[in-house]
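Colleague: Sharing a structure here in structure tokens format.
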Amino acid sequence: MSYLAWIDFDPEERRRAQALIDLFKQPEARDELGLSTIRDGIADLLFPGTSTIQTRLRYMLFIPWIYRDAHGRRGTQVERAHFAREAEFLLSEALLKGGEMVGVIGRDAGRGLKRLPSSVYWAGLATLGIRLMSGTQRSCLAFGPDSLNDRDMPIWSPRLPERPTDLYEETTFNLTFEEAEFLRDRIATRAHRSLFAELAGTAETFQEDWVWRLTHKAISKENREILRHAERFSTIMYGASLLYNVMLAERAKERPKAKMHPEAAGLFDEYEDGIRRWSDEMKALSFDDWDLKALFSLVGRTSHRLHERTRSFVIDWATIAIRNTQSIAKLPEARDLLRRRERSLKGPKARLVEDAPLDRWSGASGNNRLGFRWSMARGYLGELADAG
């Protein structure tokens, strides 16, 4: 990573670069136990318009600029779609030419990229009111300069800043002051009750590793309650993820007639140590008045639909974990619950039951703690604060 060597000479630039690096070091947990509905519901309440596959905030402007250019071209829908696709490739090249390395979508794949930035950001653009027209990217490009004049409703926010003239030649992810103000306005207007809006309004940067460790006075009582749920849900379900990996490592190292995972014994010890540390965390948290019904009600406010089986699994695990924190690694009841849950989700691909899927085990399955897109949002907040 020689391209980061220069940051040693500037503390502020070092902070910015480290924030970007951290963004890609802390991926959201792989959903091995079917928790995505609750995880994404909480994340949508806290940080509307974001997703784990987004990278940098200025793409929220790049995509409208590209599509607005495409709308201005006469010709067919297919021709406008070809222009937009080519412009996205040119954008990636322009970002690399501008010295950007972290967060450039298509940096390695080049023109072989399968999922373009417009696809990654399309839903978020609508959530934040930057894209006003509903529909797909393709349907959006049905409108050229003549047909747009006949429409009462604009496709893009009328306050969208003008694009830089050299966008397709050389550019960066650095936001101008005007661009940052536009994005803050969109967040404040369309996500006004969210933690995202509250923190964006401070124009500050944040260093906390976990979103529930935030103590800023701008955070409302409602969002503090969501953070309280987030911390407890993340912590208690982290224990399920650790035990799941303990069971996989245990099985991988003990099968007498099957290929053994080369690191299974070491992984088993590592995950057991993780459970011991998790037990200490559980003791430090209070679960006496934690209301799971209130958590499920929060998720119900979002577009995510919580299945009864997921609800039951979370209730059952929480009950077991709170009562048996110290002994959970060996508890048959806890192990049986995880085994049944995996089988119900994966069927013949369940690693705790079937040999072939276990042979393909990487050594880590969903063992990251749920972070609710905080790493992504923290990076965005830093980019807003650094604008100018």
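Conditions (1) of a type in the set (Val, Ile, Thr); (2) modelled with pLDDT under 50, marked per residue:
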site: Asp22; (1), (2): no, yes
site: Arg30; (1), (2): no, no
site: Ile38; (1), (2): yes, no
site: Pro48; (1), (2): no, no
site: Ile63; (1), (2): yes, no
site: Ala70; (1), (2): no, no
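Colleague: Could you tell me whether Ser51 is surrounded by fewer than 22 Cβ atoms within 10 Å (Cβ to Cβ), in a loop (DSSP other than H, G, I, E, B) and among the hydroxyl-bearing types (Ser, Thr, Tyr)? Walk me through how you get there before you give the answer.
Modeller: Details: surrounded by fewer than 22 Cβ atoms within 10 Å (Cβ to Cβ): yes; in a loop (DSSP other than H, G, I, E, B): yes; among the hydroxyl-bearing types (Ser, Thr, Tyr): yes.
Judged against the criteria, Ser51 is a match.
Colleague: Pick from Gly110, Gly135, Gly98: which is small (Gly, Ala, Ser), without any contact (Cβ under 8 Å) to a residue 60 or more places away in the chain and out of contact with any helix residue (DSSP H, G or I) (no Cβ under 9 Å at 6 or more places or on another chain)?
Modeller: Values: Gly110 fails: out of contact with any helix residue (DSSP H, G or I) (no Cβ under 9 Å at 6 or more places or on another chain); Gly98 fails: without any contact (Cβ under 8 Å) to a residue 60 or more places away in the chain.
Only one candidate passes the filter, namely Gly135.
Colleague: From the list Glu181, Glu169, which residue is surrounded by 12 or more Cβ atoms within 10 Å (Cβ to Cβ), assigned by TED's automatic domain parsing to the domain that holds Ser92 and in contact with a Lys or Arg (Cβ under 8 Å, 6 or more places away or on another chain)?
Modeller: None of the other options fit; the residue is Glu169.
Colleague: In segment 230-281, which residues are over 24 Å from Arg360 (Cβ atoms), surrounded by fewer than 20 Cβ atoms within 10 Å (Cβ to Cβ), out of contact with any Leu (no Cβ under 8 Å at 6 or more places or on another chain) and of a type outside the set (Lys, Arg)?
Modeller: Matches in segment 230-281: Asp273, Ser279, Asp280, Glu281.
The values are calculated or read from the model by the stated rules, or taken from the named source; none is laboratory data. Everything numeric here is computed off the predicted structure, so don't read it as measured data. Glycine gets a Cβ as well: all are built from the backbone with ideal geometry, and neighbour counts include every protein chain shown.
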